[in-house]
Structure formats: C-alpha cells, structure tokens
Amino acid sequence: MSTVIAFDFGLRRIGVAVGNRLLKQAQPLAVIDAATNDAKFSAIAALVSEWQPEAVVVGLPLHPDGAEHEMSVRCRRFANQMNGRFGLPTTLVDERYTSVVLNPARGEHVDSEAAALILQQYFDTHDPS
C-alpha cells in the first residue's frame, strides 16, 4: 500500500503519524522522546523499517505572516536528513495552525496528533494520487 509517514519535529519530542494514499487518512502513530539525535534517528529507522513508507512529510513551522524562523531552519535540516538517511522523497508542509486546531491542555503532549494533522493537510492539498 502507498504508505506515507509524517513528522512533527521538535527539539524535545517528535510526533509521528502514518497514513496511505489510497484512503487519504492520517492517524497518530507515536511520539519519539529521546535525549540524543542518534536515539531519535534509531527510533525513526525502526518506524521506517516497520511501515516501509514510500514518502515522508515534515511539518514546517512558520510565523503567521509566512516568514521563516529558527525552527523552520531546523525542520528543513531534519527533512534533508530524512531524505539523505532513508532515500525517501520528503515534502515540507506548512504547520502554522496545527497547535491552534489541537488546543492542548497545559502539559499535554499532542505531538503525534499534530503530525496527523500535518499528514492530513498533505493528503488534502499536496498529494495528487
């Protein structure tokens, strides 16, 4: 099946979602909470091995006016690393309003749900298949 995996990149945690191009439905999958980059990429490698995606989507945080900021640069770097490490086509998707839609309670971790919103946005606006 045409599996796509999505990431909501954060310095502390990375939300992960999965979906397929046939159904065009995203679902939260996991939250990677690891102290080192090696541990994060080890966890990501396990998910890529398990799900065998044909593409990767990474959320791109932007200011409300569309301007980039420090996390935009970090997310672009992460997307490049995903492409380089796993050889999968990687698409960046504007994630400006995911946290507003989710409206998390104080201390609540919604990283995988944010990744699912990013992936759903990809299916709704970027995926021609």
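Conditions tested, residue by residue: (1) touching a Leu at 6+ places or on another chain (Cβ under 8 Å); (2) in contact (Cβ under 8 Å) with a residue 24 or more places away in the chain; (3) surrounded by 19 or more Cβ atoms within 10 Å (Cβ to Cβ).
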| position | (1), (2), (3) |
| --- | --- |
| SER2 | yes, yes, no |
| ALA6 | yes, yes, yes |
| LEU11 | no, yes, no |
| ASN20 | no, no, no |
| ALA26 | yes, yes, yes |
| VAL58 | yes, yes, yes |
| PRO61 | no, yes, yes |
| SER72 | yes, no, no |
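Of all residues in the stretch 15-45, those satisfying the criterion of being within 12 Å of SER112 (Cβ to Cβ) and among the hydrophobic types (A, V, I, L, M, F, W, C) are VAL16, ALA17, VAL18, ALA26, LEU29, ALA30, VAL31, ILE32.
We did not get these values from a lab; they are worked out from the coordinates using the rules stated. Just so it is clear, the model here is predicted, and its values are computed rather than measured. Note: ideal-geometry Cβ built from the backbone for every residue, glycine included; neighbour counts use all protein chains shown.
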